[in-house]
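Report on one structure; see the data block that follows.
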Amino acid sequence: MIERSNIKMSRHNFDTKDFIDNYTYEGSDLGANYANDKTVFKVWAPTAENVEICLYKYGSEEEAGDKEEDLLRKILMNKESRGVWTWEEAGDIEGIYYTFLVTVDGITRETADPYSKACGVNGKRSMVIDLGKTNPSGWDKDEMNAECAKHPVIYELHIGDFSNDPYSGISDEYRGKYLAFTDSSSTAGNEGKFPTCINYLKSLGITYVHLLPTFDYGSVDETGKIKNQFNWGYDPVNYNVPEGSYSTNAKDGHVRVNEFKQMVMALHNAGIGVIMDVVYNHTFNMDSVFQKTVPDYYYRCSEDGVASNGSGCGNDTASEREMYRRYMIDSVCYWAKEYHIDGFRFDLMGLHDTQTLNEIRESLDKLNNGKRILMYGEPWAAAETTWMRDVTPAIPSNVRSLDPRIAIFCDRARDGIKGHVFEAKGRGYVNGDEKESEEMKKKIMSCVCAWSGQGADENEISAIAPSQIINYVSAHDDWTLWDKLVTSVKDGEDFGRKYSDLLQMNKMAAGIIMTSLGTPFFQAGEEFARTKNGCDNSYNSSPELNQLDWKRAMEYESLIDYYKYMIKLRKSLPVIERTDEAAAECIHFIETEDAVIGFVLEDDNSDKAWKKAVVYYNPYEKDVEVKLPEGRWSLLTDGYNCFEPEKSDILEKEIVLKPRSVTVLYYDKK
Ligand code: CA
């Protein structure tokens with residue numbers, strides 16, 4: 001996916017007490033600190049013999065061409081304590097671009113600032129920026145709606161995918177860009193009927209959008225010279241700068257910062273929080289700002305100098321080293337403060353140590369409304385990594401070493417519900433054969449309990465509380481849910497066909513997630529049977545294959561309606577949104593035959609519409625009759641139809657569960 005490095009590395013003395021004691025810098029002022037009368041630059045380069053700063057007029061060599069006035073000044077920086085080099089430039093230099101020339105072992109390398117807040121096109125040069133100038137009007141009052149934050153339902157979205165479809169109703173100029181989010185009244189084909197983009201998300205009822213990487217990444221050229229480029233963006237270049245290709249002008253460093261903020265504000269105005277997908281575990285390549293500033297410090301390598309490759313990208317970063325840990329903390333907090341970000345999703349979190357993640361949690365908690373900022377990640381790695389210190393990796397078996405408010409994606413439930421992500425024919429609970437194993441039943445019951453309390457499994461996942469679990473069946477990786485169903489059940493024949501049995505399986509999968517503890521999450525378009533024609537890794541496929549197809553959304557509106565209902569229902573059910581350690585004990589499983597699962601949700605102290613409800617999962621292709629717990633029950637959904645509570649049927653004693661269905665009833669006191 002990304003070029004392998006053959007750079008020779010060394011561990012140097014970076015892990016000695018002497019180096020750590022003498023060169024760990026605790027200040028929070030690395031980078032360019034702008035004021036209108038002077039700018040103070042600071043860069044941490046403890047192994048450098050020499051550091052110079054270059055001030056430029058243009059954001060890239062290309063724009064400068066052979067114009068002599070491009071390089072404005074080149075100055076030797078001052079070496080201060082703890083390996084920090086500084087320079088104070090007098091006057092107002094807002095909008096000036098800069099780089100550092102770092103000389104180590106006689107070799108001089110030009111690099112952008114690891115702490116860049118803005119940069120020129122393609123991120124080769126940093127820019128001095130007055131961030132106050134980039135704030136849209138009303139920004140000082142911008143924040144996520146507190147009520148929405150209480151009901152997290154996460155929607156995973158790529159910025160380009162959102163509006164790349166010409167039928168999205170978004171103007172040509174904004175299509176595929178940050179600014180597409182600022183159109184709050186778009187409709188499919190501009191026909192004024194079917195809402196799209198933000199207008200659509202509002203009607204869906206999700207409360208958080210999780211954006212695939214939106215920091216500056218390297219795989220897409222920002223000059224616009226290459227048409228129809230696409231990438232998910234898991235290849236970081238400048239961690240603290242928004243990606244330029246989503247802006248309307250990547251050459252002016254202010255524009256992407258301002259447009260990103262406009263996007264955040266538009267989502268907040270729609271009652272939706274913004275989660276960033278952050279990729280601190282590797283960089284685009286080893287020709288990075290880190291490697292050029294402090295060679296070998298930021299990356300892991302073996303004793304014999306082979307770069308560690310647990311990320312599959314050939315350059316694992318070292319969260320266990322003090323200054324990279326510090327960098328991750330600073331970077332996350334910067335996005336939270338400057339861009340009002342409401343959550344962070346850590347890519348390959350299994351490559352980070354629990355101490356770093358817990359320290360990030362602690363630092364976020366100290367911010368205004370910081371406690372409600374979400375943190376979660378992938379508790380795995382692509383392969384084994386070489387740790388530079390003794391650490392506790394953030395993998396499922398160590399989930400209890402993580403703060404209770406750091407969650408992990410639960411692959412057990414994901415694969416249990418619809419079959420393994422790597423096995424095309426692999427089936428699960430909703431698309432399986434009639435005969436289901438005890439093991440599968442146990443897995444789904446654990447999913448319902450978010451692997452906590454009675455649902456904890458020492459051999460699988462044993463979470464402290466539901467707050468540690470993200471429950472999901474689809475994400476950008478691997479097949480879409482629809483494609484997985486077509487692949488496993490229909491031998492991959494005709495992804496475009498509207499199979500009614502698969503639609504029911506899709507509903508059932510979503511129904512399980514929405515009636516389970518833990519935070520629900522789904523890939524954008526899962527709710528309208530999104531297909532990539534069976535492609536299981538579309539990271540650099542065409543925009544057309546990846547984009548949300550708004551015509552398809554219209555065609556699958558009944559599936560969307562089911563999601564809407566279940567999202568709304570979740571907010572009214574007792575227990576299911578609880579995140580505390582005791583939540584799973586308020587779920588009472590009912591004795592049921594074979595693979596059918598039933599459970600009562602009961603919480604007398606609940607502030608929800610109902611204090612008691614019952615849920616059944618029937619994975620069979622046929623009707624199954626079950627006994628209802630004592631009392632009168634009102635039917636909310638039978639997995640096919642959804643009812644308004646006041647119009648629902650009252651049932652007692654027994655109920656016939658429809659084939660492949662999630663049935664929910666509430667306890668009717670009358
Ligand atoms: Ca970029």
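The values are calculated or read from the model by the stated rules, or taken from the named source; none is laboratory data. Note that the structure is a prediction, hence the values are computed from the model and not measured. Neighbour counts are summed over all protein chains in view; Cβ atoms, including those assigned to glycine, are modelled from backbone coordinates with ideal geometry. For the accessible areas, the whole protein counts, side chains as well, though only heavy atoms, and no ligand, DNA or RNA atoms are used. Shrake-Rupley method; radii C 1.70, N 1.55, O 1.52, S 1.80 Å.
Observations, loosely collected:
- Scan of the stretch 355-372 for residues that are over 13 Å from residue 467 (Cβ atoms) and open to solvent by less than 20 Å² (accessible area, probe 1.4 Å), ordered by number: 356, 357, 360, 364, 370
- Taking (1) outside any helix (DSSP H, G or I); (2) among the β-branched types (Val, Ile, Thr); (3) open to solvent by 10 Å² or more (accessible area, probe 1.4 Å) in turn, residue 274 satisfies each apart from (3).
- Residue in the stretch 123-149 that is farthest from residue 98 (Cα to Cα), counting only those that are charged (D, E, K, R) and away from the ligand (no atom under 16 Å from the Cβ): 147
- Qualifying residue in the stretch 312-330 (condition: buried (at least 22 other Cβ atoms within 10 Å of the Cβ) and under 17 Å from the mean Cα position of the chain (by Cα)): yes
- Qualifying residue in the stretch 280-292 (condition: part of a helix (DSSP H, G or I), open to solvent by 10 Å² or more (accessible area, probe 1.4 Å) and out of contact with any Lys or Arg (no Cβ under 9 Å at 6 or more places or on another chain)): yes
- Residues satisfying the stated conditions in the stretch 63-77, i.e. exposed (fewer than 12 other Cβ atoms within 10 Å of the Cβ) and part of a strand (DSSP E or B): none
- Screening residue 421 with (1) part of a loop (DSSP other than H, G, I, E, B); (2) buried (at least 22 other Cβ atoms within 10 Å of the Cβ) gives one miss only, at (2).
- Residue satisfying all of: in the stretch 207-218; part of a strand (DSSP E or B) and within 12 Å of the ligand (Cβ to nearest atom); surrounded by the fewest Cβ atoms within 10 Å (Cβ to Cβ) among these: 215
- Single residue of 120, 169 found to be within 19 Å of residue 242 (Cα to Cα) and open to solvent by less than 30 Å² (accessible area, probe 1.4 Å): 120
- Matching residues, the stretch 219-238, being over 19 Å from residue 328 (Cβ atoms), near the ligand (Cβ under 10 Å from one of its atoms) and of a type outside the set (A, V, I, L, M, F, W, C): 219, 221, 222, 231
- Within the stretch 271-293, the residues that satisfy the criterion of being away from the ligand (no atom under 16 Å from the Cβ), hydrophobic (A, V, I, L, M, F, W, C) and under 19 Å from the mean Cα position of the chain (by Cα) are 272, 274, 275.
- Residue 204 meets all of the listed conditions (1) open to solvent by 10 Å² or more (accessible area, probe 1.4 Å); (2) more than 13 Å from the ligand (Cβ to nearest atom); (3) on the phi < 0 side of the Ramachandran plot; (4) not small (Gly, Ala, Ser) but one, namely (1).
- Being open to solvent by 20 Å² or more (accessible area, probe 1.4 Å) and in contact (Cβ under 8 Å) with a residue 40 or more places away in the chain is a property that holds for residue 338.
- When the residues of the stretch 241-258 are filtered to those that are more than 10 Å from the ligand (Cβ to nearest atom) and open to solvent by 10 Å² or more (accessible area, probe 1.4 Å), the one that is farthest from residue 142 (Cα to Cα) is 251.
- Selection status of residue 188, over 30 Å from residue 577 (Cα atoms) and of a type in the set (A, V, I, L, M): yes
- Within the stretch 458-493, the set of residues being assigned to a helix (DSSP H, G or I), of a type in the set (A, V, I, L, M, F, W, C) and touching a Leu at 6+ places or on another chain (Cβ under 6 Å) comprises 485 only.
- Residue check, residue 473 crowded, with 23+ Cβ neighbours inside 10 Å and among the aliphatic types (A, V, I, L, M): yes
- Spans of strands (runs of 3 or more DSSP E) in the stretch 547-643 with at least 1 residues under 30 Å from residue 194 (Cβ atoms): 632-637
- Pair list, Cβ under 7 Å, 6 or more apart: the stretch 98-109 residue under 18 Å from residue 10 (Cα atoms), other residue acidic (Asp, Glu): 103/49; 104/49
- Within the stretch 236-254, residues that are aromatic (Phe, Trp, Tyr) have Cβ atoms under 8 Å from residues that are within 10 Å of the ligand (Cβ to nearest atom) in these pairs: 239/215; 239/216; 246/256, counting only partners at least 6 apart in sequence or on another chain.
- Long-range neighbours under 9 Å by Cβ, at least six apart or interchain, first residue free of Cβ contacts under 8 Å to residues at least 24 places away in the same chain within the stretch 208-228, second among the hydrophobic types (A, V, I, L, M, F, W, C) and within 13 Å of the ligand (Cβ to nearest atom): 226/220
- Residue-level check: of (1) touching a residue at least 60 places away in the same chain (Cβ under 8 Å); (2) assigned to a loop (DSSP other than H, G, I, E, B), residue 403 misses just (1).
- Subset tally (residues that are over 21 Å from residue 42 (Cβ atoms), in contact (Cβ under 8 Å) with a residue 12 or more places away in the chain and either out of contact with any helix residue (DSSP H, G or I) (no Cβ under 6 Å at 6 or more places or on another chain) or not in a loop (DSSP other than H, G, I, E, B) (or both)) for the stretch 293-310: 11
- Residue match in the stretch 511-520 (condition: open to solvent by 30 Å² or more (accessible area, probe 1.4 Å) and either out of contact with any strand residue (DSSP E or B) (no Cβ under 7 Å at 6 or more places or on another chain) or at pLDDT 95 or above (or both)): no
- Selection from the stretch 141-166 of residues that are open to solvent by 50 Å² or more (accessible area, probe 1.4 Å) and touching an Asp or Glu at 6+ places or on another chain (Cβ under 6 Å): none
- The set of residues from the stretch 375-396 being touching a residue at least 24 places away in the same chain (Cβ under 8 Å) and out of contact with any helix residue (DSSP H, G or I) (no Cβ under 9 Å at 6 or more places or on another chain) comprises 383, 384, 386, 387, 388, 389.
- Filter result for residue 494 (open to solvent by less than 10 Å² (accessible area, probe 1.4 Å) and farther than 21 Å from residue 394 by Cα): no
- Lone qualifier among 134, 86, 103 - being more than 33 Å from the chain's Cα centre (by Cα), of a type in the set (S, T, N, Q) and more than 17 Å from residue 40 (Cα to Cα): 103
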